[in-house]
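Read-outs: derived from the displayed coordinates by stated rules, not from any lab. All figures in this text were calculated on a predicted structure; none of them were measured in a lab. Cβ sites come from the backbone with ideal geometry, for glycine too, and all protein chains shown count toward neighbours.
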Amino acid sequence: MSLTRKIAHNTIVQIIGKIISTLLGLFAIGMMTRYLGQEKFGWYITVTAFLQFIGILTDFGMIVVTAQMLSEPLSDKTKLFKNLFSFRFFTAITFFGAAPLIALLFPYPTEVKIAIGFTSIAFLSIALNQVFVGLYQTKLKMHIQAIGEVIGRIVLVAGIWLLIKNGSSFLPIMGVVVASSLSYTIFLLLKGQKETKISFAFDWPIWKKIIKKMWPIAISIIFNVVYLKGDVVLLSLFASQSDVGIYGAAYRVLDVITQSAMMIMGVLLPLMAFSWSRNLKEEFKKRYQQSFDIMMLFAIPMMVGTIVLADKIMQFIAGEDFINSGKILAILSIAVFGVFLGAIFGHTAVAINKQKQTIWIYVSNAFIALTGYLIFIPIYGIYGAAWVSVFSELYAGILLFITIRHYSKEKLKFNTVLKIIFASIIMGLFLRLLSQTNILLATLVGAAIYGATLFLIGGISKETIKEVINIKK
């Protein structure tokens, strides 16, 4: 099987898995919003936002660092992975061990503080998953990650359904969130043992190399967390838990959907790192352009479709009580474009070893966003938070693009993107006409119109389609 075809099939499996896990995730959100209501769903958002804030602080870019280091030539992969796993485990357990103590200082309801205490286990599991995902990226075996994610979502949906049926309270539902994450991690761990030896290792020269590789990413992420999660955390302090629930419902829908950005770039990062580290300029240029085109293929129609159908999406997923979340979803969907841009050029920075040169973007963005949140959230509430989030995502994405263009010396071609924009506009116009149609039917019709238009104007070639579907051993 050619490398192109292998990448394509690996991506297709991930996309199928991501579609299934996304649908299950949205179904879980729908059950929780309907059962918990605005205030208690606000509790759920507060718990997860608080721990995501801690989680991003302790992220250190482990997925991209693992993928990049395992893709480099002349290294003992088994020994390297053991040290990466050990580094991830002990740094994560330190941060998440402190999370429940830090939560005591916040004016949250008692149930929220208790939930933060034991739900930190779920986020410790998510932190460990990063190393395994990096491993599977380098081996082009991301189907394992896709299956694990689906297993976790099945546990989540089934557990929530049983608890709702039995009339359980908020805390047991958060217990199911923990069980979901643990099942995902256990699956990745069991599969990972077949790929490499998994145990603790403390080789200081390797740890120094890991720290050297990741410190620019870690600093970037520490500032990154301010504009990524600062909105929800500050909302939980300045607004009611009901407002947090309304904002969080829209945020969670987009959060589930935009995970596809990291998934796609996760496939292409090792390939870009491989070609750049070996000075294969033409191959790198091809992968770089491919990354941009593929990401825009999803980002632009996703943004347009969500803006047009925002109210119907939130009504369908979260129920009548959360229909006001549609206005927030429409605003935040603009940020999707920035999220995808940031994913493309942030990953590319790692691939070409220019992480240090992008730090200023995250630092400046953090200060601007924090200032914006502190000014506009007390005045405009959830709408102030949403528009500052849009600005911060676009700010980071655009400046990363300019920076990477400078250091890589590669200029992207925009022929395909212009066709994607045209096809997305056509799709959006048709979706307007279908405003009274069932949301599922409208989504399917919109996707079909987008795909057909893109094919007719040459945005996707017949050769590309044949290359993807022609499976040969």
Relative contact order %, the stretch 3-413, counting alpha carbon pairs below 8 Å whose residues are six or more apart: 24 percent
Net charge over other residues, Cβ less than 15 angstrom from the Cβ of S168 (K, R count +1; D, E count -1): +2
Value of [θ]222 nm, deg cm²/dmol, for the chain, DSSP H segments ≥ 4, -39500 (n - 2.57) each, nearest 500: -30000 deg cm²/dmol
